[in-house]
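J.: Here it is: the structure, laid out below.
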Amino acid sequence: MVTRRTPLPGVGTQYDLATRDGRHISVVAHDDGRRFIGFYSSDDPDACQGTVPLDAQEAARLASIIAPDHADHALPGGELGLDLVTERIPIGPDSPYRGRPLGDTRARTRTGASIVAVLRRTSTHPSPSPDFRLEAGDTLLVVGTREGVDDLSDIIAGA
């Protein structure tokens, strides 16, 4: 099994995986959280048979299904039995929190999950204050339990 990582300046990173049976799968991870999964022909590794676009929330859900114990290995301290995940949650145009201060989410109080940064197309805002105003297109970098992060994702989406 071979994996190759290719930086794509201004876009993100491309990850190529050649499976043991000779299949080629590619994931392009955009800086804004979007992902594209490409599936290639085993006869011609350059011939893409199809792609599946995923937003940040869909990609995170798929990752948690494929590798549910990934968080235990990804974070130092996983060996301490901490059941934490890190996820990106997009602020969509229909989010009830678009245009409102971060504190209005009451994220930690309601879910136990913490918003550790807000990613904006042009910049990153680590440790945002409660008065930080959210915009459509922002992506929240969240740390918490799987349940807390899922609940926060639903809250942000207005579900």
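J.: Any residue in the range 22-37 that is loosely packed, with under 10 Cβ neighbours inside 10 Å, in contact with a strand residue (DSSP E or B) (Cβ under 9 Å, 6 or more places away or on another chain), within 28 Å of GLY137 (Cα to Cα) and modelled with pLDDT of 75 or more?
T.: no
J.: May I pose another question? Being farther than 30 Å from PRO9 by Cβ, at pLDDT below 90 and either touching a Pro at 6+ places or on another chain (Cβ under 9 Å) or in a strand (DSSP E or B) (or both) is the filter here; which residues of the range 106-159 pass it?
T.: GLY144, ARG146, GLY158
J.: Turning to a different aspect of this structure: Out of the range 15-65, which residues are closer than 14 Å to GLU87 by Cβ and either touching a residue at least 60 places away in the same chain (Cβ under 8 Å) or among the hydrophobic types (A, V, I, L, M, F, W, C) (or both)?
T.: Selection gives ALA29, GLY33, LEU54, ALA56, GLN57, ALA59, ALA60, LEU62, ALA63, SER64, ILE65.
J.: Follow-up question, since we're still on this one. What are the residue pairs meeting all of these: first residue in the range 90-111, first residue closer than 8 Å to LEU134 by Cα, second residue open to solvent by 70 Å² or more (accessible area, probe 1.4 Å), Cβ atoms under 6 Å, and 6 or more apart or on different chains?
T.: Filtered contacts from the range 90-111: ILE91/ARG98; PRO101/ASP131; PRO101/ARG133; LEU102/PRO130.
J.: Return the only residue of VAL142, VAL116 being open to solvent by less than 20 Å² (accessible area, probe 1.4 Å) and closer than 12 Å to LEU102 by Cβ.
T.: Being open to solvent by less than 20 Å² (accessible area, probe 1.4 Å) and closer than 12 Å to LEU102 by Cβ holds for just one of VAL142, VAL116, which is VAL142.
J.: Here's a follow-up. Within the range 11-30, identify whether any single residue is over 17 Å from the mean Cα position of the chain (by Cα) and among the polar types (S, T, N, Q), and answer yes or no.
T.: yes
The values are calculated or read from the model by the stated rules, or taken from the named source; none is laboratory data. Here the structure is a predicted model, which means the values were calculated and not measured. Cβ atoms come from the backbone with ideal geometry, glycine included; neighbour counts cover every protein chain shown. The protein model used for the area step is the full one, side chains on, heavy atoms only, and it has no ligands, DNA or RNA in it. Shrake-Rupley method; radii C 1.70, N 1.55, O 1.52, S 1.80 Å.
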